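Below is one structure, written out as structure tokens, with a few remarks after it.
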Amino acid sequence: MRIDIITVSPDLIKSPFEHSIMKRAIDKKLVEVHFHNLRDFALNKYGKIDDYQFGGGAGMVLMIEPIDKCISKLQSERNYDEIIYMTPDAKTLNQATANSLSMVKNMIILTGHYKGVDQRVRDKFITKEISIGDYVLSGGELAAAVLCDAVIRLIPGVLGDETSALTDSFQDNLLSPPVYTRPSEYDGMKVPDVLLSGNFPKIDEWRATKAQEHTQNIRPDLLD
Ligand code: 6GU
């Protein structure tokens, strides 16, 4: 997989890719991530990439020309399966979207800032718009890092068996059951006996029940 991230703050987004699972995926050459500074495609030598919105209103809007130049350059080099725009006014990211994006070959992720991008960018280029939740972030960079983490860990070969994504929360629309490690008793709090029993069918059954209960309590909407 190849991911091209277009941003006004490359430094803000780079670090999550230099650690943990995303770094491992990059080191194993299972994914390539490239960062593009929108200012390199600015209209003038002062780096102009945004302007006031027509009709008035607070906040600057990213202009179409620098974004067009950047996306068109990338598209002249290869085909892209998805051109994603990170924005709070979109459908919320979920595991199903992460699963389907983990199978694409090339994608561009455009991150917004300020009041967002000129609508014509969305009309002309964007194939998918994604929010990461019902709250507002200062920019799309952290959201793009979240999306990439969710997607990259699902690429075959990125996780070993011991961390298999198949048992993640949400993979079957259920939250994870509780987990415990040593010591088996701490400050009077005991690990449930079943987990120490060695009876694996019983343990599976206990975990399934707990996952169901936990989901019912915290996120009943997932069971609908
Ligand atoms: Cl994708 N961008 C911004 N700026 N805020 C958000 C978001 C994205 N998703 C949730 N909040």
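The values are calculated or read from the model by the stated rules, or taken from the named source; none is laboratory data. Just so you know, these numbers come straight off a predicted model, no measurement behind them. Ideal geometry is used to build each Cβ from the backbone, glycine not excepted, and the neighbour counts take in all protein chains shown. The protein model used for the area step is the full one, side chains on, heavy atoms only, and it has no ligands, DNA or RNA in it. Shrake-Rupley method; radii C 1.70, N 1.55, O 1.52, S 1.80 Å.
What the table shows:
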{"read-out": "Cα-based equivalent ellipsoid of segment 78-134: semi-axis lengths in Å, sorted from largest, via gyration tensor", "value": "19, 16, 8"}
{"read-out": "Fraction of alpha-carbon pairs over 16 Å apart in segment 169-223 - percent", "value": "49"}
{"read-out": "Phi-based couplings in Hz for segment 145-157 (Karplus 6.51, -1.76, 1.60; Gly and Pro marked x)", "value": "5, 4, 4, 4, 4, 4, 7, 5, 5, 8, 5, x, x"}
{"read-out": "Calculated [θ] (222 nm, deg cm²/dmol) that DSSP helices of n ≥ 4 give over the chain, each run adding -39,500 (n - 2.57)", "value": "-9500 deg cm²/dmol"}
{"read-out": "Euclidean distance of C-alpha centroids, segment 30-76 and segment 106-143, integer Å", "value": "12"}
{"read-out": "Accessible area of segment 169-223 belonging to carbon and sulfur atoms, whole % at 1.4 Å probe", "value": "52"}
{"read-out": "Calculated P(r) of the chain - Cα pairs past 30 Å, %", "value": "37"}
{"read-out": "Whole-Hz ³J(HN,Hα) from phi, Karplus 6.51 cos²θ - 1.76 cosθ + 1.60, for segment 47-56, glycine and proline x", "value": "x, 5, 10, 9, 7, 5, 7, 4, x, x"}
{"read-out": "Bins of 10 Å from zero: percent of alpha-carbon pairs in segment 31-78", "value": "24, 43, 26, 7, 0"}
{"read-out": "Rounded accessible area of His19 (nearest 10 Å², 1.4 Å probe)", "value": "100"}
{"read-out": "Sites Asn94 and Lys45, calculated FRET efficiency, Cβ-Cβ separation with R0 45 Å, nearest 0.05", "value": "0.55"}
{"read-out": "Rounded percent of accessible protein surface that carbon and sulfur make up, segment 2-152, 1.4 Å probe", "value": "51"}
{"read-out": "Rg and Dmax [Cα atoms of segment 45-171; Å; Rg one decimal, Dmax integer]", "value": "16.4, 55"}
{"read-out": "Residue-normalised accessible area of segment 115-205, given per residue in Å² at a 1.4 Å probe", "value": "65"}
{"read-out": "Residues of segment 1-100: accessible area per residue with a 1.4 Å probe, Å²", "value": "55"}
